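The values are calculated or read from the model by the stated rules, or taken from the named source; none is laboratory data. Worth saying up front: this structure is predicted, and the values here are computed from it rather than measured. With ideal geometry, Cβ positions are generated from the backbone for all residues, glycine too; neighbour counts draw on all protein chains shown. Heads up: the accessible areas ignore ligands, DNA and RNA and are worked out on the full protein's heavy atoms, side chains in. Shrake-Rupley method; radii C 1.70, N 1.55, O 1.52, S 1.80 Å.
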Amino acid sequence: MNEYYKDSDLRDILKRTKRIAVVGVSMNEVRPSFYVARYLKLKGFEVVPVNPVHAGKTAFGATVLGSLAEIEGDVDMVDIFRRSEHVPPIVDEALERFPDLKTIWMQIGVRHEEAAEKARARGVDVVMNRCPKIEYQRLFGELRMGGFNTGVISSKL
């Protein structure tokens, strides 16, 4: 991972986020986009699954939508599970569709600096090459319970 993010910034992003559009969600339970979205739902986030291939199906108690444009209301975060070359139109659509968008999150292996700069210019936080599931577990003590040294000092076990 070449990008550096302060733990306090990642923690703040995860604490303030309530509704997440997961772009590129899979219906295959062994795919990261499926189990990350499921995990986020189990942690209390409202997950809006987005994938035109699976539009109309149900995942995590919600109907899979074909695009960000189909989402009713706002989202706090757009979590992108697409290859890096597909990021710019997703970011453009997100910035156009959600005026109060707070975060663009690109999954592990996904980076696009030009799209990130465009979002940052609008005041949107951008996280690239990270997973919100892993960061949530690391920052809120779940990995520690499994015996991992998370680098986070806490009185929680």
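Here is the P(r) of the chain: all C-alpha pair distances, binned every 5 Å from 0, give 2, 9, 19, 23, 21, 14, 7, 4, 1 in whole percents. Approximating the spin labels as points 7 Å out from Cα along Cα→Cβ, the residue 129-to-residue 35 distance works out to 2.4 nm.
Given R0 = 30 Å, the distance between the Cβ atoms of residue 121 and residue 18 translates into a calculated FRET efficiency of 0.80. Entry comment: accessible area of the chain is 52 Å² per residue, from protein heavy atoms only and a probe of 1.4 Å. If the chain linking residue 93 and residue 62 were pulled fully straight, counting 0.36 nm for each residue of separation and taking away their Cα-Cα distance, it would gain 9.1 nm.
Multiplying the residue separation of residue 108 and residue 86 by 0.36 nm and subtracting their alpha-carbon distance yields 6.5 nm. As I understand it, the value is the acute angle between the Cα axis of helix 87-97 and the longest principal axis of the Cα atoms of the chain; what does it come to in degrees, rounded to 10? Result, in degrees: 80.
Multiply the residue gap between residue 100 and residue 7 by 0.36 nm, knock off their C-alpha separation, and tell me the result in nm, one decimal place.
Additional length available on full extension: 31.2 nm.
The sum of -39500 (n - 2.57) across all DSSP H runs of n ≥ 4, divided by the residue count of the chain, sets its helix-only mean residue ellipticity at 222 nm to -9500 deg cm²/dmol.
The angle separating the long axis of helix 32-42 from the principal Cα axis of greatest extent in the chain is about 70 degrees.
Please compare each pair in 15/57; 57/102; 6/102; 43/118; 15/102; 18/133 to a cut-off of 20 Å on the Cα-Cα distance and tell me which ones are over it. Display every interim value, and only then the final one.
Working: 15/57 29 Å; 57/102 27 Å; 6/102 17 Å; 43/118 30 Å; 15/102 12 Å; 18/133 14 Å.
Among 15/57; 57/102; 6/102; 43/118; 15/102; 18/133, the Cα-Cα distance tops 20 Å for 15/57; 57/102; 43/118.
Looking at the chain alone, DSSP beta bridges between its own residues are antiparallel in about 10 percent of cases.
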